[in-house]
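Since the structure comes first, as structure tokens, the remarks are kept for the end.
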Amino acid sequence: MITIEQLKDLKERVEALNRYLAIDGKVVELEEEELRTQAPGFWDNQKEAEAQMKKVKDIQKWITGYREVKSAADEVELAFDFFKEEMVTEEEVDSAYVNAVNLIENLELRNMLRNEADGMDCVLKINSGAGGTESQDWASMLMRMYQRWAEAHNYRVTVSNYQDGDEAGIKTVTMEIEGDSAFGYLKSENGVHRLVRVSPYNAQGKRMTSFASVFVSPLVDDSIEVVVDKSRISWDLFRSGGAGGQNVNKVETGVRLRYQYVDPDTGEEEEILIENTESRKQLENRENAMRLLRSQLYNRALQKRMAEQQKIEAGKKKIEWGSQIRSYVFDDRRVKDHRTNYQTSDVTGVMDGKIDEFIKAYLMEFPNS
């Protein structure tokens with residue numbers, strides 16, 4: 001049974017959220033922004049209209065989220081009073097309390113996603129490391145983990161590039177994940193993931209270590225200005241492999257975009273390679289590849305700004321993007337994040353997409369990442 005101190009703390013957190021989120025101001029702002037959508041000729045410029053509708057939706061999201069939190073906290077207080085009159089059980093009071101705390105923590109966490117790109121959808125790419133079939137199988141397990149996580153949060157997943165492994169698993173996959181603050185949450189997954197297990201692909205039943213890298217970048221839309229020098233683009237066409245039907249395999253619908261990127265600060269040149277086989281239509285694959293290119297270019301600019309910010313904010317922990325971030329030790333039933341030291345013994349749950357606690361721990365440890 002919760003205590004009066006826990007109830008008091010709950011109410012204080014709700015009031016704090018009201019202040020941090022400036023809910024009263026957002027209600028007024030929402031009314032003003034909704035009036036703009038009712039202006040004559042609002043949809044004459046579809047791009048601007050869609051941006052305005054997104055703005056309205058974003059404001060509404062905060063108001064709705066706070067109201068859900070406030071309602072849940074009020075239910076706890078009511079249940080607490082009813083318990084004194086023996087109208088509800090201890091279990092019912094505690095259940096209402098757990099629900100309210102979860103809602104509060106989720107809203108507090110979302111409030112931490114304040115960087116420019118945090119509210120965007122994301123592109124998540126998985127590459128298998130050295131180690132052949134074992135690492136390729138590990139890459140496919142990570143793909144399934146992120147798909148399960150996305151499904152649990154009602155996010156949309158689109159696979160834009162998928163390459164089968166030699167015997168099992170995958171060599172690489174690119175997934176576009178669309179949903180509320182997808183990049184803000186999944187940026188915590190950027191880095192090398194290490195698996196330790198008794199390999200089913202080893203005849204001697206030896207314990208093996210495998211690696212796979214995960215790269216996460218924001219998925220930009222037309223509202224983000226990204227300069228692409230089209231003279232530096234070249235295209236290759238190829239027949240798509242894997243799933244997709246006979247038509248995909250017979251026609252050169254797959255596209256390979258090569259972009260000769262020049263670092264604006266150092267002048268160094270680098271080729272960015274993007275393959276897309278998402279659609280059966282070559283034109284659509286070209287458009288998707290261009291969108292992925294714009295996302296990569298935007299992410300590079302974003303990472304430079306983050307690096308500069310980290311130099312200025314001396315004394316804060318550095319985040320080494322691309323380093324080993326997490327170990328999954330199946331035999332010991334342990335998954336540990338090396339940046340936050342958060343760990344769990346629920347290996348099965350993690351591989352089924354239950355990674356929210358890892359994400360929360362990361363965002364609490366590195367709020368300005």
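The values are calculated or read from the model by the stated rules, or taken from the named source; none is laboratory data. Computed from a prediction, not measured in an experiment: that's the story for all the values here. When we count neighbours, we look across all protein chains shown, and the Cβ atoms used for this are built from the backbone with ideal geometry, even at glycine. Side chains included, ligands, DNA and RNA excluded: accessible areas come from the protein's heavy atoms. Shrake-Rupley method; radii C 1.70, N 1.55, O 1.52, S 1.80 Å.
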From phi via Karplus (6.51, -1.76, 1.60), per-residue ³J(HN,Hα) for region 101-107 in Hz, x at Gly/Pro: 4, 4, 5, 5, 4, 5, 6
Round to a whole number: what % of the accessible area of region 1-134 belongs to carbon and sulfur, probe 1.4 Å? 50
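Return the Rg/Rh value of region 77-123, two decimal places, where both radii are evaluated on C-alpha atoms and Rh is the Kirkwood radius. Can you show the working numbers first?
Details: Rg = 17.2 Å, Rh = 13.0 Å.
Across region 77-123, the Cα-based Rg/Rh ratio is 1.32.
Go through 87, 208 and list them by solvent-accessible area, largest first, probe radius 1.4 Å.
On the way: 87 115, 208 60 Å².
Descending order: 87, 208.
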Give me the distance in nm between label points sitting 7 Å out from Cα along the Cα-to-Cβ direction at residue 262 and residue 51, one decimal. 2.8
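What is the extension gain from residue 1 to residue 18, computed as 0.36 nm multiplied by their sequence separation minus the C-alpha to C-alpha distance, in nm to one decimal?
On the way: separation 17, 0.36 × 17 = 6.12 nm, distance 2.67 nm.
3.4 nm is the gain from fully extending residue 1 to residue 18.
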Using all Cα-Cα distances in region 150-209, what percent lands in each 5 angstrom bin from 0 up to the longest? 4, 13, 14, 20, 18, 14, 10, 5, 1, 0
With each label point set 7 Å from Cα along the Cα-Cβ vector, what nm distance links residue 341 and residue 35? 5.4
Have a look at 299, 285, 45 and tell me which one the Gaussian network model of the chain (Cα, springs below 10 Å) gives the largest fluctuation. 45
Could you give each residue of region 252-265 its phi-based ³J(HN,Hα) in whole Hz, using Karplus coefficients 6.51, -1.76, 1.60 with θ = phi - 60°, and x for Gly or Pro? 6, 9, x, 10, 10, 9, 10, 10, 7, 7, 10, 5, x, 8
Per-residue HN-Hα couplings for region 191-204 [Karplus 6.51, -1.76, 1.60; θ = phi - 60°; Hz; x = Gly/Pro]: x, 9, 10, 10, 10, 10, 7, 7, 6, x, 9, 10, 4, 8
Given 0.36 nm per residue, what is the gain on full extension from residue 168 to residue 192 after removing their alpha carbon distance, in nm? 6.6 nm
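Would you rank 15, 287 by solvent-accessible area, highest first, keeping every protein chain in place and using a 1.4 Å probe?
Numbers: 15 85, 287 110 Å².
From most exposed to least exposed: 287, 15.
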